[in-house]
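Asks: Please see the structure below; I have some questions.
Please treat every number below as a calculation from the coordinates, not as lab data. A quick note: this is a predicted structure, and the numbers were derived from the prediction, not measured. Virtual Cβ from ideal backbone geometry, glycine too; neighbours counted across all protein chains shown.
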Protein chains: 2
Amino acid sequence: MSTAAPTPRESSSGPDGLPSALGHEMPIGGSSAVKKDGLEHSRDTFITHWAEMGSSWGVPRSVAEVHALLFIEGRAMCADEIMDRLQVSRGSVSMTLRTLADWGIVTKTRLRGDRKEYFEAEQDVWNLLSLIVRARKRRELEPLLAALDDTRQAAVGDTTASAAEMKNHLARLDSMHDALRRLDRLSDRFIGRGGKGLDVAVRLLSSFL
Amino acid sequence: MSTAAPTPRESSSGPDGLPSALGHEMPIGGSSAVKKDGLEHSRDTFITHWAEMGSSWGVPRSVAEVHALLFIEGRAMCADEIMDRLQVSRGSVSMTLRTLADWGIVTKTRLRGDRKEYFEAEQDVWNLLSLIVRARKRRELEPLLAALDDTRQAAVGDTTASAAEMKNHLARLDSMHDALRRLDRLSDRFIGRGGKGLDVAVRLLSSFL
DNA sequence: TCAAGTTTTCAAATATTCTTGAAATCAATG
DNA sequence: CATTGATTTCAAGAATATTTGAAAACTTGA
């Protein structure tokens, strides 16, 4: 978390402030009728669209929503505040935050004088994208590459297939494997460790327009 | 979903336990009891893994399965053959093929002397990946960029928020928008038109390792 | 160690997405 | 232009995925 968030806080109880008694601040997006200003509405809109994109990429809507909230608020929030604002259950928020923490795009922070855990989202967009890509590479691309190896083995053992068929089959598997492996290695280099790798890669390519 | 987990695929027999007339539990293969050679088994494995990856990226399993089948067979197939091989309904195959055709990774072909339509998958992997990226860019990235513009407008109109808050909010929106737009433009250049654009981009980056 | 505050877990309930199957539509042929 | 074969549509049903809620398990402070 190199580029730590500024975490502009303004609410009632600051981080360095007193133990905020009970987290019973004014419900922000809850059931109680709260008049939203334009900024608040803009945040809602962002959350909605980010969640929509996420769900079309296989990220559970509520995971994307929580992430969007933390990103657009730009400050550490506790589970209570999140569930109140997003109107989701405590259990859901807990699982969701764990997922986001696993991906590395949200980090726990403890505020002194407060027993609750707080969470904040990576604020640097290139870093955010890197972390997402890295997580998916690990979880999906690498297993697929391994599986393609197995798939190849399953074919090679066969003796009944015609030589021509076998050759074509292996060629297809190999072309797929090679392309994916190349992407895998590229990402090792450019997003392997946190930082500006992705940014650099994009600038590099842009310069060749 | 995305968390790698055992994925139960085979549905049990009928709701009332009716012994499914013809269906003995068999993996992906055809309806008739055919002994599979290694090559066939290898194809099944490929289809399974490709489908799994697809579904974790938000592509319906059966869409990924049909695509995997067409890719790994490397030849034109008709709906009947596909539904027989994958054990899915005619309607499903029809919708699935339309989806794949929309993405441009599968194309219709007519065989003379045959009233059926045949379909075959793009065989060049870089081209395949380009087509996939292009489709998703159009369908998801571009709408998101447009939405971010609206989101920004919603904020700018507000006069009640503090100047500092507003400034930070807009900075977040803008950093996100700028990063995504840059990716959007890059893809215009490198995968905008079919061909080896992606391949070129990857080679370019690789050369900077 | 207890007690109070917090978080995690997970079976059940809910919501969403996918598949089916048969009728409707379309297209080629005689 | 009727017939036959093929494809598409789409409402209902099935399968999956997600969310809830409350109990269990932590944690911390005294």
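Asks: Run a plain Debye calculation on the range B:38-121 (Cα atoms as equal point scatterers, no solvent) and give log10 I(q)/I(0) at q = 0.13, 0.17, 0.24 Å⁻¹, rounded to two decimals, same order as the q list.
Replies: Evaluating at q = 0.13, 0.17, 0.24 Å⁻¹ gives log10 I(q)/I(0) of -0.37, -0.63, -1.23.
Asks: In nm, give the distance between the simple-model label positions of A:Gln153 and A:His41, each being 7 Å from the Cα along the Cα-to-Cβ direction.
Replies: 6.0
Asks: For the range B:125-206, take N as its residue count and report Rg(C-alpha) divided by 2.2 N^0.38 Å.
Replies: 1.44
Asks: Using the Kirkwood formula on the Cα atoms of the range A:73-197, what hydrodynamic radius do you get, in angstrom to one decimal?
Replies: Taking every pair of different Cα atoms in the range A:73-197, averaging 1/r and inverting gives 17.9 Å.
Asks: Something else: Lysines within cross-link reach of A:Lys36: Cα-Cα under 23 Å, excluding same-chain residues under 8 positions apart?
Replies: Reachable lysines: B:Lys167.
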